[in-house]
Amino acid sequence: MPNAQPARGPGAGRFFWLWAAVWLFYMIGPILDGWHRPEIWQRAVSLAAALGFCAVYLSGFFSVRRRYRVTGHPPAPAEGVVRVGAMVVLAAILTVLVGESGLTSLVYIAVTGVFAFPPRGAWSVVFGSALVAGVLPRIVPGWDGTIDLVFAVMVAALAVWGVTRVVQRNGQLAEAREEITRLAIAAERNRFARDMHDLLGHSLTVVSVKSELAARLVQLAPERAEAELTDIQRLVREALADVRAAVAGYREMSLATELASARSALDAAGIEADVPVTGEAVDPQRQELFAWVVREGVTNVVRHSDAKHCWIRLGRTAVEIGDDGRGPQGPLDEPEPEEGRGGHGLGGLRERLEAAGCVLSIGRRDGGGFLLRASVA
């Protein structure tokens, strides 16, 4: 998943480094104790251990933080084991050399454990650090346990636990937003593809049929051919206007217009049409939806049916389109391929109807042919 957080400027990055590093102020005690060791080698080893510990803590803090911001989840357990293991080894060396003040490192180990592991592993590290902080000062000679490190370990761990939960939830929310955006884009693409098919599929089919008719009439009836060519020009202009309206999102269908267009298309294809003059019989709230049904149904009749007659029947909550053509060519419960009677058009029409609480049924008409029916569920 891509980074779910907005880009940060270099100034913000430097500030965060300062904010994270300032908590290492409490490591000054062990560092000063190491500096005052009597032997040079003790000074060198203790300072190296302290500085190495701080470096591992800071690098681990930013690595885990980056992983949470990107994925909302902790890194792989193996990475956390290596990092916490290195801090434990360095803390042990430092504590052996400088004494009780080296136990301050347990707070950072607990915090890193919370960042680096899932809950069970994280709290195992926290309780282990608290146990060591509570037991060692009481069993090691010369240690007085004046610093309540158990309290410091638990408070720091709880605070960081809360921070990790917030960061994790933010990462998950960002991931969910991206998924919602992706699904919305896919749905909009499908809707646009469906509208383009419904708009251009019908218009181009009628233009194709009328062009063939005009070509046949050029010699036989020039005036009729000229009328068909004029009608083709009108259809092309309307199709262009429809595409522009669909792109703008303002496409509205008229049932009366589609019925008139259906009569024209069927007549041009040489199919006798029995089509209502108006759509008044349909519930006004369903007229636009049923206009899409009429458009797709008539387009399929003209394109695929080889029919001689076509009937359109309107009711208040249903519309039927039937023909006496060759009928469905495949199983009625499965969409046919694009070159058949079904294809993407009927699939898109079914989605449109289901979204409006209607159902689409496809079958064979009594007496032969194809029957398409859309009705309120």
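The values are calculated or read from the model by the stated rules, or taken from the named source; none is laboratory data. Everything numeric here is computed off the predicted structure, so don't read it as measured data. Neighbour counts run over all protein chains shown; Cβ positions are idealised from the backbone, glycine included.
Miscellaneous remarks
- Residues of segment 264-274 that turn out to be surrounded by fewer than 21 Cβ atoms within 10 Å (Cβ to Cβ) and either closer than 18 Å to VAL293 by Cβ or not assigned by TED's automatic domain parsing to the domain that holds THR299 (or both), as a count: 3
- Where a residue in segment 280-309 is within 25 Å of SER208 (Cβ to Cβ) and its partner, wherever it lies, is of a type in the set (Lys, Arg) and modelled with pLDDT under 90, with Cβ under 7 Å and at least six apart: TRP292/ARG352; ASN300/ARG341; HIS304/ARG341; SER305/ARG326; ASP306/ARG326
- Qualifying positions in segment 306-318 - part of a loop (DSSP other than H, G, I, E, B) and surrounded by 20 or more Cβ atoms within 10 Å (Cβ to Cβ): ALA307
- Residue check for ARG165: under 29 Å from VAL96 (Cα atoms) and not acidic (Asp, Glu): no
- Residue count, segment 134-162 (criterion: part of a helix (DSSP H, G or I) and loosely packed, with under 15 Cβ neighbours inside 10 Å): 8
- Scope segment 164-194; condition at pLDDT 75 or above and closer than 26 Å to ALA130 by Cβ; matching residues: ARG165, VAL166
- Across segment 299-324, the number of residues qualifying as in contact with a Leu (Cβ under 8 Å, 6 or more places away or on another chain), among the hydrophobic types (A, V, I, L, M, F, W, C) and within 15 Å of ILE362 (Cβ to Cβ) comes to 2.
- Residue match in segment 278-285 (condition: assigned by TED's automatic domain parsing to the domain that holds GLU351, within 19 Å of CYS358 (Cα to Cα), at pLDDT 85 or above and crowded, with 19+ Cβ neighbours inside 10 Å): yes
- Of all residues in segment 113-133, those that are buried (at least 16 other Cβ atoms within 10 Å of the Cβ) and either modelled with pLDDT under 85 or over 25 Å from VAL166 (Cα atoms) (or both) total 6.
- Enumeration of residues in segment 99-140 that are among the polar types (S, T, N, Q) and within 17 Å of GLN168 (Cβ to Cβ): THR112
- Of the criteria (1) modelled with pLDDT of 80 or more; (2) buried (at least 16 other Cβ atoms within 10 Å of the Cβ); (3) under 23 Å from GLY315 (Cα atoms), which one SER254 fails: (2)
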